[in-house]
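First the structure, in the form of structure tokens, and then the observations on it.
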Amino acid sequence: MKTQAQLIAKFGDPYKNRLTFERMWMMVWEVPDDIREAIPAIPKRIYLNRIILIPLKTTLRKLISTGLHEEIETWDGCFNIRPKRGSSGISTHSWGIAVDLNAALNPFRGKVTWSDEFVQVWRDIGWICGADWSAASKDGMHFQWENF
Ligand SMILES: [Zn+2]
């Protein structure tokens, strides 16, 4: 996993230079109809870091093609400048490179309700899955992209 210093080196510090960061990296994704029809929980527009656009689209389409998309009940956000849950430091949501899904069913440090197949699709595409973290930081709702 990337360190906070590596993420700041790549994207800047969203707390200190929010506007510059958003202008350089953030975009509005108009989610295609086929994805929204299959997964009604996904919003019409997602404000995300442009580096996750292709992987997120690819992942959602892969989930749809395998029927695993039916596990998605809620969209719980992407961009949110905030500290990490349960520790010091900046959450990767602050750079718009992470998404949360089914938060109520997969609470921080709680149980993970996804099937193994569902999480494997994300892993195979290159996401870091909070479901894989140790008990102290387990975050089943959380999928993070930091391939750059
Ligand atoms: Zn998250």
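General remarks:
- For region 46-70, filtering for residues that are outside any helix (DSSP H, G or I) and closer than 24 Å to Arg23 by Cβ leaves 4.
- Selection of region 31-45 for residues being part of a loop (DSSP other than H, G, I, E, B) and in contact (Cβ under 8 Å) with a residue 24 or more places away in the chain yields Pro32, Ile39, Ala41, Ile42, Pro43.
- Within region 126-137, the residues that satisfy the criterion of being over 11 Å from the mean Cα position of the chain (by Cα) and within 12 Å of the ligand (Cβ to nearest atom) are Ala131, Trp133, Ser137.
- Region 13-45: number of residues that are closer than 15 Å to His93 by Cβ and either out of contact with any strand residue (DSSP E or B) (no Cβ under 8 Å at 6 or more places or on another chain) or among the charged types (D, E, K, R) (or both): 4
- Residues located in region 92-123, provided they are free of Cβ contacts under 8 Å to residues at least 24 places away in the same chain and either of a type in the set (Lys, Arg) or farther than 19 Å from Met27 by Cβ (or both): Asp116, Val119, Gln120, Arg123
- Checking each residue in region 78-87 for being away from the ligand (no atom under 11 Å from the Cβ), loosely packed, with under 15 Cβ neighbours inside 10 Å and either in contact (Cβ under 8 Å) with a residue 12 or more places away in the chain or within 17 Å of Ile54 (Cβ to Cβ) (or both) picks out Gly86, Ser87.
- Condition check for Ile90: touching a His at 6+ places or on another chain (Cβ under 8 Å), more than 12 Å from the ligand (Cβ to nearest atom) and closer than 29 Å to Arg18 by Cβ: no
- Of the set (1) in contact with a Leu (Cβ under 6 Å, 6 or more places away or on another chain); (2) part of a loop (DSSP other than H, G, I, E, B), all apply to Glu73 but (1).
No value in this document is a laboratory result; all are computed from the given coordinates. The model shown is predicted, which means the values in this text are computed figures rather than measured ones. As a convention, Cβ positions derive from the backbone with ideal geometry for all residues, glycine included, and neighbour counts pool all protein chains shown.
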